[in-house]
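A.B. asks: One structure, as structure tokens, below. Some questions next.
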Amino acid sequence: MDERDNLGLPEPDAVGITAPRGPETAVRPRDPERTKAAILKAARDEFCAEGFNGARVDAIAARAKANKRLLYHYWGNKEALYSAVLFDAYSEIRRGERELSLGQFDPVEAVGRMVRFTFRHYLANPWFPRLLAVENLQNARFLKQLKDIPQLHSPLVAELQAIVERGSAAGVFRSDVDPVQLYISIAGLGYFYVSNMNTLSVIFGRDLSGFAMVQEREAQAVQMVLDYLRTKPA
């Protein structure tokens, strides 16, 4: 029997908060990975809402319902936690792109799938454009310190290059396409729409979040990218 049982002391729960014992209170098992995931999500929400400078560790702990000491235990400080949030955000979208397995589709279909995925990722995760805006306000100083970022993005560039080359060989795409510029265009079409949805809705008197408007915009984004790729160089 544990000495704690002899003394009748309570056990800490899964997120580091002491939970009193009682006949109706079950002690949750420790789950460090679940706790870390909850803290990361809470930190993401806090950074997106308040920016890096405005975010507070106390507020993140409260959002995660976690003991603040766990944040420092896992990440050390607010800067490291923010970097972890940033890396996790980029890893998520890159993982989704890899799962598209674009190499199995013809070039036109592959590009269409990439554009739709990117657009829908921004739409389904409006926090992502906000997080990117936060990091741009920091002049990308945290992103520059993430050593794994180039390796995370290089497969994407290589895949787009391969798609363009296959399209060019098939006579359906132009051959002078920079894959980095291509991706910036693809990302920009989704990023601008989602990050400016509220202001654009007011300016033009249309609800850009409506299903029909979103569908129309996605289709136009696909068409714009494909039209560029099909345009013969001057």
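We did not get these values from a lab; they are worked out from the coordinates using the rules stated. The model shown is predicted, which means the values in this text are computed figures rather than measured ones. All Cβ positions, glycine included, derive from the backbone under ideal geometry; neighbour counts span all protein chains shown.
A.B. asks: Any idea what angle helix 127-137 forms with the longest principal axis of the chain, computed on alpha-carbon atoms, 0 to 90 degrees, nearest 10?
C.D. replies: Compared with the principal axis, the helix lies near 90 degrees.
A.B. asks: Let me ask you something else. So how tilted is helix 179-195 from the main axis of the chain? Cα-based, degrees 0 to 90, rounded to 10.
C.D. replies: That works out to roughly 60 degrees.
A.B. asks: Please get the size of the charge dipole for the chain, origin at its Cα centre, with Cβ charges of +1 on Lys and Arg and -1 on Asp and Glu, quoted in debye to the nearest 20. Don't jump to the answer; show the numbers that get you there.
C.D. replies: Working: 30 positive and 29 negative charges, 64 e Å.
For this selection, approximately 300 debye.
A.B. asks: What is the angle, in °, between the Cα long axis of helix 211-230 and the longest principal axis of the Cα atoms in the chain? Nearest 10 is fine, range 0 to 90.
C.D. replies: Approximately 50 degrees, to the nearest 10.
A.B. asks: Which of the lysines could a cross-linker span from residue 65 if the Cα-Cα distance has to be under 23 Å and same-chain partners fewer than 8 positions apart are dropped?
C.D. replies: Reachable lysines: 36, 41, 78.
A.B. asks: Now for a different question. For the chain, what is the calculated [θ] at 222 nm in deg cm²/dmol (nearest 500), taking -39500 (n - 2.57) for each run of four or more DSSP H residues and dividing by its residue count?
C.D. replies: Result for the chain, helices only: -22000 deg cm²/dmol.
A.B. asks: Identify, among 75, 149, 123, the residue whose Cα sits farthest towards the positive end of the charge dipole of segment 73-158, taking +1 on the Cβ of Lys and Arg and -1 on the Cβ of Asp and Glu, with the dipole about the Cα centre.
C.D. replies: Sorting the options by dipole projection puts first 75.
A.B. asks: Right, something else. How many nm separate the modelled label positions at residue 58 and residue 153, each set 7 Å beyond the Cα in the direction of the Cβ?
C.D. replies: Placing both labels 7 Å beyond Cα along the Cβ direction yields 3.7 nm.
A.B. asks: Which label marks the calculated value of Kirkwood radius over Cα pairs in Å, given the options (1) 18.4; (2) 17.6; (3) 20.7?
C.D. replies: Correct label, based on the coordinates given: (3).
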